[in-house]
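What follows is calculated from the coordinates using simple rules that are stated; it is not laboratory data. Small disclaimer: the values here were computed from a predicted structure and weren't measured. So basically every Cβ, Gly included, is an ideal-geometry build from the backbone, and we count neighbours across all protein chains shown.
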Amino acid sequence: MERWQRTQERSGNALADDLPQILSTEGPHGPVIHAVNRAAHLAGVTVGARLADMRALCPRLRAEFADPERDRAALHRLAQWARRWCPWTAADDRPAGGMGGEYGLILDTTGSDHLWGGEAAMLAEMEASLSTLGFSARLALAPTWGAAWALARFGPVRAIWQGAGDLTPLPAMALRLDAETVLLLNRLGLRTIGHLADLPRLSLARRFSRAPPAQNPLIRLDQTTGHLPEPVSAPDPPPVFRADARLAEPIFDPTHHLPGLCTALCDQLAKAHRGARRLCLTVYRTDGEVSRIEAACALPSREAAHLVFLFRDRLDRIDPGFGFDLISLEASATEALGTRQVDLAGDTDTSLELSHLVDRLAARFGRNALTQFQPAASHIPERAEARAAPLAALPALVPVQTERPQRLLDHPEEIRVLYAVPEGPPAQFQWRRRSYRVARYQGPERIAPEWWQDRPGTRLRDYFKVEDDAGHRFWLYREGLQGDGRGGAPRWFLHGVFA
Amino acid sequence: MDVIPCAMFRKHAYPMSQSPRTALPAGRAEATLTEIFPAAGAEAAATGFVVAQLGQGTAPVLWIQDRGAQRETGHLCLAGLGLRRPLMTMQLSRPVDVMIAIEEGLRCKALAAVVAEIRGDPPAVNFTAMRRLAMRVKATNVPCWLIRQAATAGLSAARDRWRIATLPSASDPDDRRAPGDPRWQVELFRSPSGQTGTWVAHYDRRTGREAGGAADRLDLVAAIPDGTLAEDAGTLGQRAGR
């Protein structure tokens, strides 16, 4: 929920905090609530309930779709980020228990706490750091994974393990069991971990002999108390591809060092079978200033000449100051790229050439300059096509049955029109201080407003294709009808030009 | 009255001695740098004229506009364009950038063509720049079209230079009051072969809309100097098809 709120804030369309908002996922019987914000929680909206029921409870509820895949990716990035406190961190993204979406981080802080001034101070520091990222956190410190999991979710704030007695009052759900097993335990009258621990092991083992290990209360209990080992396996940090040039004397122009850096970087990438998507050239000046230039590729690439080209005209943007003595080139985003065979005839690879062209143009004119039209499902002409990134696969163009002009004006321009009948075609019109007499016309083609996204009161359009004496062909429309109750007399606009 | 029927891409019917070098994609024989000077109000006609000659295939077309051209004559409308190739568009603010972008595009052999629209007579579009483009076209064999809106036809290194103006359209067989297939008056006023002339181009919308008809949709008919036929819109096209 909080990741979504930060994203919304960054894109500038965040809603006020006191509006109840939820994220939902698709359940078997319609959308199910996945996460709630504070206002929604206070309004009584619970996680796991159906969206339709909660709408009845709280009509002002704003719903959006959750994105669990991105949540998981963000969690893994956060696990890497948490290496600042200890070297052994992992993301705990296994759906444990009946609590949907209860993800967490697990940090093995053995031997690291003294660096932060003790365990309590370390927990406080962690919570403060996470809150600067915009995340709230519940932290707990315990000798085993299971105990820390239980204390973080069901224990007091910033709980620190004092002894096995801490766990006894916690509910059975704190053993990372799924909802079915917890329900079974509750029916047997075993509501807390203490109740379970008091039972003879043999009867527990016999009762749950067929349960899978993750749902077996005895195994979970042993993991929590440390009788069964449950090591944390920390994933390797993603490899860093980086080439440095350390210079004996400060220099002012990095151009001559760039090919060498690119070659070194490409060698590293080739060994790992990866290609760079984003590059960052960082220049460290002698007076301590750091400046960087970024470049991006449309397709992963590890061709040194091409990478040099991306930086070619942008190096003069660096302010050298008193010169710089360290240049580093880093591939900040990489993708897998196998070795590829160019065909035997020795032809050049067209897709590769195109991607290089896109990169060069994007490096020079910015990423948004080059676009590709993408047909969109709409009858309103200006909404019928969207801009997409070049080289992306496009859906097939649905042919429009009626004729469309070759060129559309960016904004329809209002024209002054003389007509014989108000519903009919124009007889004469004036556009850009020139008058045109209509010799032939075709139409009208009526395009109704899209009520699901237009503002109320939007008027329909009647499009005419007209031609004047000299052969200029235009696409005009009349906005609205006489007496349709949506404003005064209809206005006329010129929208496009035919070939 | 002598009317020569001819289709742009049929070798035998073309009034010039050989098929035009502007016809690019099928044979890819020899690409050229071509300039088109639309008359005022005929900018869309120039668009249609170029699109009709781009052919079909999977190689994309790079279409570059400067800000003046986009503000005055709008952007391309994909649904109405009838282009049978992928299209990549660029909107740039300065004519200098447009020239640089054309040159970058002409480096790439995977493109089908580079089309650029520049409005006015900016100093960036001079003889030297055109010469560079012409050399680049020759090196990579990617055709380049420059649509020079509201420009004067000064000194240039383009091999073919056209002027284009609108004509009243052919009559629509289904509806007498409606504008039919568009017709343009095109004038090739400079060509290395010296065979310049004026034609009436007839753009066939129907074949254009059906699959596979892209190659034959532009007909060039020799212009009639006395204009008696031209006044009677419609008969010219019918006679040309006979």
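A few notes on this one:
- Relative contact order, percent, the stretch A:83-225 [alpha-carbon distance under 8 Å, six or more residues apart]: 19
- Relative exposure of B:Lys109, A:Lys465, judged by other C-beta atoms within 10 Å (fewest first): B:Lys109, A:Lys465
- The distance between label points at B:Asp121 and B:Arg71 comes to 2.0 nm (points 7 Å beyond Cα on the Cα→Cβ vector).
- Straight-distance candidates among the aspartates and glutamates for linking to A:Lys271, with alpha-carbon spacing under 15 Å and chain neighbours fewer than 8 residues away dropped: A:Glu303, A:Glu335.
- Relative contact order for chain A: 7 percent, from Cα pairs under 8 Å spaced at least 6 residues apart, divided by residue count.
- Estimated from the Cβ-Cβ distance and a Förster radius of 56 angstrom, the FRET efficiency linking B:Arg177 and A:Asp253 is about 0.20.
- In the protein assembly as shown, the C-alpha radius of gyration followed by the widest Cα-Cα span (Dmax) gives 34.8, 114 angstrom.
- Counting neighbouring Cβ atoms within 10 Å and putting the fewest first, the residues B:Met90, B:Met135 line up as B:Met135, B:Met90.
- The stretch A:408-471 and the stretch B:37-55 have Cα centres separated by 23 Å.
- Signed unit charges on C-beta, dipole axis of chain A, positive-most listed residue A:Ala121, A:Leu183, A:His306: A:Leu183
- Counting DSSP beta bridges with both ends in the protein assembly as shown, the antiparallel % (nearest 5): 75
- Only Lys, Arg, Asp and Glu carry charge here, each on its Cβ (+1 for the first two, -1 for the last two); on that basis chain A has a dipole of about 1220 debye about its Cα centre.
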